[in-house]
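S.K.: One structure, as structure tokens, below. Some questions next.
The numbers here are math on the coordinates, done by the rules we state, and not lab data. Just so you know, these numbers come straight off a predicted model, no measurement behind them. Positions of Cβ are generated from backbone atoms using ideal geometry, with glycine treated the same way; all protein chains shown enter the neighbour counts.
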Ligand code: FES
């Protein structure tokens, strides 16, 4: 399956789903611009911010309070914002589109 990352200026890039990896890991291993993952997935840097479609949000699992706190430090966050390092990808996410925020360009 594939997940499509769409940059703020509308360029899309597909990444192969690799179960057990985080969404941040598949983005960085596919060279998706705009996802840095500076903290290595520790929920501490906020450089893996993504915006999901509402329909996909429920499939990406629960948000921890740490993640919620990190997201709340970002005033530009959207309701469907998540930190990509906190999402484990599964084949259920085949066809999912993930948008990158303007501030992460
Ligand atoms: Fe640092 Fe996700 S990689 S918060």
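S.K.: What's the ranking of 12-22, 77-87, 56-66 by average number of surrounding C-beta atoms within 10 Å, highest first?
M.R.: Those peptides, ordered most packed to least, come out 77-87, 12-22, 56-66.
S.K.: Next question. With the convex hull built on the Cα atoms of the stretch 2-104, state its orientation-averaged projected area in nm².
M.R.: Value for the stretch 2-104: 5.6 nm².
S.K.: Still on this model: Which distance in nm do the two modelled labels at residue 8 and residue 33 give, with both placed 7 Å along the Cα-to-Cβ direction?
M.R.: Using points 7 Å along Cα→Cβ, the separation is 1.3 nm.
S.K.: GNM on the chain, C-alpha springs below 10 Å: top fluctuator among 74, 90, 47?
M.R.: 74
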